[in-house]
Amino acid sequence: KEDKDGFKLAKDNLKIGDDFYNQGPGFYRSAIEPFEAAQKFNPNNAELNFKLGECYLSSTTKKKAKDVLESALRLDPLIDSRVHYFLGQAYHLEMNWDKAIAEFSIFQKTAMSNNDPYLIQDVRMRINQCYNGRDLIKNPIRVFIDNLGGTVNTEFNEYGAVISADE
């Protein structure tokens, strides 16, 4: 109550962050810095933690999402049904398969009631990915990566290489 300047600054940062956030996922990374500044003043704002977690998942700092999303859910269990979807993603990133499956399953009930076929398919896919991840960790396989020589490989990383129809 005594820190009126801090409150005003946090409120201004929240507005800046919301302006970016409301423009959609392409702007989430820009919302992170003002949201973080606002959160320093009030870490117990469930909505702010939820938005910050969603923004983290759209950035290169995805691993920060788990803590703020857990905080949002703890502060307000009814904050937004998508909190379970985002928490599922955060747990998935940490290879915490069982927690990810649990969160995706909670969200799946909401997705089914929305009758959004894309969302239903996406949640099912993510749950299957978690089951596959759990199985792959339990039963790892040994693989070898061979350099195919200068006609194929370069000094750069070659991800998802394909050979064209004319080779």
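A few notes on this one:
- Between the Cα long axis of helix 117-138 and the first principal axis of the chain there is an angle of about 60°, rounded to the nearest 10.
- Projecting the Cα atoms of GLY160, SER81, MET95 onto the charge dipole of the chain, computed from C-beta unit charges around the Cα centre, puts SER81 farthest toward the positive end.
- Carbon plus sulfur fraction of accessible area for the chain, probe 1.4 Å, in percent: 53 percent
- Cα-centred dipole magnitude for the chain, charges only on beta-carbon of K, R (+1) and D, E (-1), debye, nearest 20: 600 debye
- Taken one residue at a time, the phi angles of the range 94-110 give Karplus couplings (6.51, -1.76, 1.60, θ = phi - 60°) of 8, 6, 8, 4, 5, 5, 4, 4, 4, 5, 4, 5, 4, 5, 4, 4, 5 Hz. Gly and Pro are set to x.
- Taking all protein chains into account, the per residue accessible area for the range 39-108 stands at 47 Å² (1.4 Å probe).
- Between MET112 and ASP135, the modelled label-to-label distance comes to 2.2 nm, taking each label 7 Å out from Cα in the direction of the beta carbon.
- Based on C-alpha pairs under 8 angstrom that are at least 6 apart in sequence, the range 1-59 has a relative contact order of 35 percent.
- Unsatisfied cross-links (Cα-Cα over 20 Å) in the set LYS15/LYS40; LYS8/LYS40; LYS11/LYS62; LYS63/LYS99; LYS99/LYS138: LYS11/LYS62
- Between VAL143 and SER164, the distance separating the two model label sites (each 7 Å from Cα on the Cα→Cβ line) works out to 2.6 nm.
- Rg in Å to one decimal, and Dmax rounded to a whole Å, for the range 1-85 via C-alpha atoms: 12.3, 38
- Qualifying chymotrypsin sites (Phe, Trp or Tyr not before Pro) in the range 113-167, where qualification requires a DSSP coil assignment and no more than 15 other C-beta atoms within 10 Å, comprise PHE144, PHE156, TYR159.
- Relative contact order (%) - criterion: Cα under 8 Å, at least six apart; region: the chain: 12 percent
- Cα-Cα pairs of the range 36-167 separated by more than 17 Å (percent): 68 percent
- Of the peptides 13-23, 51-61, the ranking by mean beta-carbon count within 10 Å, highest at the top, reads 51-61, 13-23.
The values are calculated or read from the model by the stated rules, or taken from the named source; none is laboratory data. Since we're looking at a predicted model, the values are computed, not measured. Neighbour counts run over all protein chains shown; Cβ positions are idealised from the backbone, glycine included. Calculation scope for accessible area: heavy atoms of the full protein, side chains included, ligands and nucleic acids excluded. Shrake-Rupley method; radii C 1.70, N 1.55, O 1.52, S 1.80 Å.
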